[in-house]
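Presented below is the structure to which this report refers.
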Amino acid sequence: RFDNTIFRLGLATTRTQARQWINHGHFTLNGRRVNIPSVTLNVGDMIGVKEGSKGVIRQAKMANKRSVAKWLTLDEDKLEATLVALPTRQDIDYEVSESAIVELYSK
């Protein structure tokens, strides 16, 4: 999803902030403005920041200090990123109980 990718790039402090910034049209996907946070990304997609938004996004990135996920590349000078691979189960950086998720959604 587009909002999670913005969060994982460290361009937003929270996923909620990433969703709001996408809704406000601060980001581009493959050169086109996108305002839908739930867009599914594909390998090779290019993510950019609109010119007028670069100052705010750059400040958030500097304050964040989170490393970029290994399935993404980020050019911090241009604020452009590329999805180089789809994330795998090993890329999740916190504990997830798949059985609890399946149990919740099977009710």
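For the chain, modelled as a GNM whose springs connect Cα atoms under 10 angstrom apart, the maximal fluctuation among R15, R58, R89 occurs at R89. For the chain, the relative contact order is 25 percent, taking Cα pairs closer than 8 Å that sit 6 or more residues apart in sequence and dividing their mean separation by the residue count. The listed residues L86, L11 rank as L86, L11 when sorted by accessible area, largest first, using a 1.4 Å probe. Listed by chain and number, the aspartates and glutamates placed with their C-alpha closer than 20 angstrom to that of K70 are D3, D45, E80, D91, D93, E95; residues fewer than eight positions away on the same chain are left out. Average accessible surface for region 1-78: 57 Å² per residue, computed with a 1.4 Å probe over protein heavy atoms with every protein chain in place. Short to long, the 10 Å bins of the Cα pair-distance histogram for the chain hold 14, 47, 28, 10, 2 percent of all pairs.
Could you check which residue among G52, G31, G44 shows the biggest mean-square fluctuation in a GNM of the chain with a 10 Å Cα cutoff? Comparing G52, G31, G44 in the GNM, the peak value goes to G52.
Heavy-atom surface analysis with a 1.4 Å probe gives the chain a carbon and sulfur content of 52 percent of its accessible area.
The values are calculated or read from the model by the stated rules, or taken from the named source; none is laboratory data. Source: prediction; values computed, not measured. To get the accessible areas, we keep the full protein, side chains included, count just its heavy atoms, and leave off ligands, DNA and RNA. Shrake-Rupley method; radii C 1.70, N 1.55, O 1.52, S 1.80 Å.
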